[in-house]
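All remarks here apply to the structure that follows.
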Amino acid sequence: MHVTFVHFICIFVGLTLVGWRGESGAAYIADAYCPHLGAHLGVGGKVKKECIECPFHGWTFEGSDDGKLVNIPYSQTGKYSEMKLMLEDTNNTK
């Protein structure tokens with residue numbers, strides 16, 4: 001599995017954002033804070049495939065599916081929330 005760290009962090013119009021490129025080369029920009037306990041995804045967060053993983057508890061959010069929460073390592077309920085995805089580069093430009 002390809003694992004990288006977050007590519008950038010920026011503050012734009014009062015929003016703190018985090019950006020990353022997935023394995024496909026698509027770029028994603030999202031709210032920098034995990035909706036679980038507010039961990040900053042850009043500080044220690046990891047990129048796995050098209051997802052970004054929270055550094056605190058490993059919650060994993062899909063970049064290519066509107067920020068859908070796809071994994072909570074310690075939960076088997078399947079009832080997951082979403083993060084606020086700001087931009088998805090559907091052209092897969094590098």
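The values are calculated or read from the model by the stated rules, or taken from the named source; none is laboratory data. For clarity, every value in this text was computed on a predicted model and none was experimentally measured. As a convention, Cβ positions derive from the backbone with ideal geometry for all residues, glycine included, and neighbour counts pool all protein chains shown.
Worth a mention:
- Residue 47 satisfies every condition listed in (1) modelled with pLDDT of 90 or more; (2) assigned to a loop (DSSP other than H, G, I, E, B) except (2).
- Subset of the range 22-70 [surrounded by fewer than 17 Cβ atoms within 10 Å (Cβ to Cβ), under 21 Å from residue 12 (Cβ atoms) and among the aliphatic types (A, V, I, L, M)]: 43
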